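Below is one structure, written out as structure tokens, with a few remarks after it.
Quick note: the coordinates plus some simple rules give every number you see, no bench work behind them. Only a predicted model underlies this, so the values are computations on that prediction, with no experimental measurement involved. FYI the Cβ positions are ideal-geometry reconstructions off the backbone, even for glycines, and counts take in every protein chain you see.
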């Protein structure tokens, strides 16, 4: 099959390239933009069955004046003393003056005696921010306008103020985010070009992945947007960045798989077209199997209850599918036309290097497989033990620089009020039959929930436009996005609130902490489903590739062990050495995307080469040695590029970006240099012929492997 595909692509190279150009132009020009299906609302990705979503929907319905977001103006005396009655009056004037300016997308400007901290250290003005969506740039402009007007209004008053809240925090850290991702983008291109230049000493080979991935990214975003429109799917605003990283990761892998084998065939004396046919024949099955495993791993995300993961899976699967087709058609067509000039101006491709590092490593694995398997296995298990101490962290703001206006204002707010003041827990009381709630019911309920576990303060109850609904905002004693607060809401507060509801009524708990509590529950459920299902399907693909039941078992175990080792290493560093309260709650799924899915590529490449060498008549130990020698450089190059890209995130001054950068970088390093280079080939050598049971994958095919003769390749 792959030999026939290689023949077709090589003999019709110009037709293949022209077809790609026409298809790319048609897709790019006729499909919608990815921004048309993008949503930034984390809560919108939770199913309606979760209580926090039901509470939010109820609040939006019966409190139509409820803002999209909130900015909190925190006012204090410049000399640090307590606020005086005159100061409180001046804050009231500030609220009225700002309201009179009619700053676009703002409303409310609520303050008063209840907005003064019990210790008189600060007074707040709550400003509603209104826009069609939480990620509307107009909200950022509203905060900037607010800040520009507050300074002159408080001039010579002895008071100073800062604006806090999620939107204000994003304004303060927008440049940091943009700079971080810009650095990652530039670093990715530099690493790809730089490392491939070192490997092949050719600018053409170095630029090939950059150009190809650029084309594939444009096509993929169009196809994903079209699919989203057709099936009414929303995707996260992070998708564009994730697509870029995934495509550069797998795209560079597949192109390197092909170029390394192409160079090997040229060294063996094949002409440029025969070399490409043989390369597609030998590597096509590996690339297809690797892409199939990654596509399956991504599609399994549709089983997630979190809509963010469910929509992410098909989008990434489309990207990998496009990259697969590109790697087996467009790339071979271009390289077959270039021939040896793809490695220009270097002449090094003409001769195989002697006594290379990969040769010495291969010799070590072949001669001492038990020692290598034990050492690499112990390392992975030791790192994996760190998972036992894993704690999820939902506090993004704590990971931002703490010298910004929003961070300082938040600190002032939390010193004066209960810790949960920045994100109150919203409790809704609604009558079961739609009848009007009495004042007695509302007041009794408010008094009861004020005494619920973990509640520091309770704000006065609010009546809605619906007489059958009322709301009480609770300020928790704990940081509202801390693990302690999330556990409190999920395990104790909700139960107490439900129990406090008078007969004939129902209570719902919403707000930021409740949303994260539900995301935590959904995330735990999703991982418990996704990992086993993905492992089973990847094992099935490996079984079909290798015609074996034994090898897929230990390969999948190795992948899952590598996942645990990666997460454990991150826990050791950030929770252990740096004393962080946890690691970002998104990390396990990020590791699934970039370590489990993409890291499987390296395993497939290595095990396929081991089988190929066994088919050449080499005994298991010798096959392991030769396999590591020849596949090792490809795995090392691909792993270095992807790991280096993420390692750049360690330079970002934002904690969760540092965690993500370290975790994925160390995960790829473990995948490439521990699991694929040592653990898997050493185990395969130890298990020997039984690794291919019940098939005969390591036996030489009848007549030996077929290599096309140069004379059989058509010119054209």
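Based on the mean of other beta carbon atoms within 10 Å per residue, what is the order of 681-691, 156-166, most packed first?
Ranked from most to least packed, the peptides come out as 681-691, 156-166.
Over all distinct Cα pairs, what is the inverse of the mean 1/r for the chain, reported as the Kirkwood hydrodynamic radius in Å?
By the Kirkwood definition, the hydrodynamic radius is 28.3 Å.
Using only Cα atoms, tell me the angle between helix 550-570 and the longest principal axis of the chain; keep it within 0 to 90° and round to the nearest 10.
For helix 550-570, the angle is close to 40 degrees.
Return a whole-number percent for the relative contact order of the chain, with Cα pairs under 8 Å and 6 or more residues apart as the contact set.
Reported as a whole number, the value is 18 percent.
Where the centre of each part is set by its Cα atoms, how far does the stretch 540-594 sit from the stretch 264-297, in angstrom?
Measuring centre to centre over Cα atoms gives 27 Å.
So how do 263-271, 556-564 stack up, highest first, on mean other-Cβ count within 10 Å?
By packing density, highest mean first, the sequence is 556-564, 263-271.
Taking the chain as the reference, fit the longest principal axis to its C-alpha atoms, fit the long axis of helix 13-30 to the helix C-alpha atoms, and give the angle between the two in degrees, 0 to 90, nearest 10.
Taking the Cα atoms of the chain, the angle to 13-30 is about 10 degrees.
Could you work out [θ]222 nm for the chain from helices alone, using -39500 (n - 2.57) per DSSP H run of at least four and dividing by all its residues? Round to the nearest 500 deg cm²/dmol.
-19500 deg cm²/dmol
Determine, for 594, 2, the number of other Cβ atoms within 10 Å of each Cβ, and report the residues in order from fewest to most.
Fewest to most other Cβ atoms nearby, the residues stand as 2, 594.
Could you line up 572, 394, 602, 50 from fewest to most neighbouring Cβ atoms inside 10 Å?
572, 50, 394, 602
Going by how many other beta carbons lie within 10 Å of each one, how would you line up 693, 14, 20, fewest first?
By the 10 Å Cβ count, ascending, the order reads 14, 693, 20.
Against the longest principal axis of the chain, how steep is helix 272-299, in degrees 0 to 90 to the nearest 10, with axes from Cα atoms?
Roughly 30 degrees, rounded to the nearest 10.
If packing is taken as the mean number of other Cβ atoms within 10 Å per residue, what is the order of 452-460, 538-546, highest first?
538-546, 452-460
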